[in-house]
Amino acid sequence: MNKRQFIKDIVLTSIATPLGIAGMAKSFEQKAHLPATVLAKDEDFWTGIRNQYLLKPDYINLENGYYNFLPQPILNKFIEHIKEVNLQGSYYMRTVQFENKKNIAARLAGIAGCLPEELVITRNTTESLDLVIGGFDWKAGDEAIMAVQDYGAMLDMFDQIQNRYGVVNKKLSVPNHPKNDEEIVQLYASAITPKTKVIFVSHMINISGQILPIRKICDMAHAKGVQVIVDGAHAFAHVKFRIDELDCDYYAAALHKWLSTPLGAGMLYVKKNNVKNLWPLLADGEKDINKITRLNHIGTHPVHTDLTINDCIDYFEMMGAERKEARMYFLQNYWTSKVRNLPKIIINTPAEANRSCGIANVGIEGILPADLAKRLLSEHKIFTVAIDYANVRGCRITPNVYTTTKELDAFVLALKTLANA
């Protein structure tokens with residue numbers, strides 16, 4: 001198939017008529033009898049889901065990890081919420097906004113696997129994690145452990161804490177292809193001293209897609225009296241898990257990533273007994289130090305985004321956590337299995353299903369990541385993002401449930417072409 005026909009196919013898909021919420025629900029109900037791993041490969045079914053998205057036809061989008069935009073039925077709901085809040089104005093803000101947010105947060109806690117009194121809605125992962133990192137009573141000489149592969153903004157926050165309070169930051173490097181869970185756990189364990197206060201760890205490393213053994217790390221850390229902060233920006237609503245089963249102390253995620261909410265929605269989990277020990281990012285009127293709402297004051301904000309979280313949870317529950325995880329892993333394994341052992345192509349993500357899901361990172365020997373991303377877009381109409389630090393050098397590839405195997409075939413062909421040039 002030539003590029004012109006391929007782009008034409010994308011355009012035709014992008015203008016398909018949305019089914020609406022009820023129609024999408026019916027589509028998933030009709031496939032309820034199929035195992036998740038079987039449905040993951042059903043391209044006709046996922047084409048129907050793809051038809052609910054308005055997709056830009058200029059390129060194949062393999063950079064959904066920054067922001068998973070909304071399917072049209074949910075976007076329509078978002079617009080309705082904007083109109084309703086605008087209609088009510090101050091009346092809405094002074095009467096029901098806080099109760100609505102509380103109820104939505106409780107529902108979010110239900111799918112996250114924690115108590116309602118342990119979770120609040122924030123604006124993004126960075127705000128959530130900065131609240132925790134900046135909220136400790138740090139003392140000079142306290143130690144914090146993290147990895148150079150962790151998200152840059154969080155490392156910057158730890159650097160600020162170091163400069164401000166004299167905290168010692170111990171940065172380790174996570175191998176791209178660990179032998180087993182014990183290698184990872186021991187890596188963090190070996191950095192602990194009597195002065196260690198906290199371990200900061202990514203549930204899914206954002207630049208490579210590697211999933212870390214969080215429960216094992218938490219068990220090890222707690223046995224040594226160390227708390228654990230988990231950056232779950234890319235794991236929540238992507239892989240199936242429950243926070244209470246991880247047994248971490250703090251967990252943060254961006255809802256505008258894999259839950260596909262509008263921009264400006266995140267969440268923060270704080271284990272109930274830890275709430276009283278944190279200073280809020282912004283001061284609030286709540287005086288009960290045991291209430292997590294004390295940590296959640298952010299002033300006037302786009303409340304229509306909060307309302308749309310409810311609709312996005314509807315969509316997520318229609319799909320089901322197991323089915324979404326299966327689809328995402330199928331898409332990643334579909335393309336990585338075709339190039340993983342080819343000359344000059346380097347996959348920076350583990351192959352095992354328990355160590356990765358939808359995200360992977362690929363590089364080509366002799367091509368800088370920035371040049372690879374540029375050539376994929378200019379020569380092959382494929383949009384990605386370049387990563388070139390912390391022993392991860394390549395392009396991060398993040399498909400979404402609507403991504404087709406035909407698109408991934410085009411990507412595989414592009415990689416082979418560039419590698420053999």
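Remark: pairs (first residue in segment 29-54, exposed (fewer than 14 other Cβ atoms within 10 Å of the Cβ); second residue of a type in the set (Ser, Thr, Tyr); Cβ separation under 7 Å; 6+ apart in sequence or on different chains) = 43/404; 43/405. Those residues that are exposed (fewer than 15 other Cβ atoms within 10 Å of the Cβ), of a type outside the set (Val, Ile, Thr) and over 16 Å from residue 356 (Cα atoms), I need them from segment 173-213; list them, please. Passing the criteria: 173, 182, 183, 186, 190, 194, 195. Criterion applied to 258, 279 was being on the phi < 0 side of the Ramachandran plot, surrounded by 24 or more Cβ atoms within 10 Å (Cβ to Cβ) and among the hydrophobic types (A, V, I, L, M, F, W, C), and the one residue passing it is 258. Within segment 186-203, the set of residues being over 20 Å from the mean Cα position of the chain (by Cα) and part of a loop (DSSP other than H, G, I, E, B) comprises 190, 191, 192, 193, 194, 195. Residue 294 meets each of the listed conditions (1) buried (at least 16 other Cβ atoms within 10 Å of the Cβ); (2) assigned by TED's automatic domain parsing to the domain that holds residue 112; (3) in contact (Cβ under 8 Å) with a residue 24 or more places away in the chain apart from (3). Scanning segment 358-376 for residues that are touching a helix residue (DSSP H, G or I) at 6+ places or on another chain (Cβ under 9 Å), surrounded by fewer than 22 Cβ atoms within 10 Å (Cβ to Cβ) and under 19 Å from residue 58 (Cα atoms) yields a single hit, 375.
The criterion of at least 3 residues that are farther than 24 Å from residue 399 by Cβ and out of contact with any strand residue (DSSP E or B) (no Cβ under 6 Å at 6 or more places or on another chain) is met by the following helices (runs of 4 or more DSSP H) wholly inside segment 41-104: 72-88, 90-95. Taking the criterion of being charged (D, E, K, R) and in a loop (DSSP other than H, G, I, E, B), the residues of segment 283-299 that qualify are 284, 286, 287, 288, 291. Pairs only if they're at least six apart or on different chains, beta carbon under 6 angstrom, first in segment 116-142 and within 28 Å of residue 307 (Cβ to Cβ) and in the same structural domain as residue 261 (by TED's automatic domain parsing), second of a type in the set (Phe, Trp, Tyr) and not in a loop (DSSP other than H, G, I, E, B); list them, first residue then second. Once the first residue is within 28 Å of residue 307 (Cβ to Cβ) and in the same structural domain as residue 261 (by TED's automatic domain parsing) and sits in segment 116-142, its partners that are of a type in the set (Phe, Trp, Tyr) and not in a loop (DSSP other than H, G, I, E, B) give 118/269; 119/269; 132/250.
The values are calculated or read from the model by the stated rules, or taken from the named source; none is laboratory data. In this text the structure is predicted, and so the values were computed from the model without any measurement. So basically every Cβ, Gly included, is an ideal-geometry build from the backbone, and we count neighbours across all protein chains shown.
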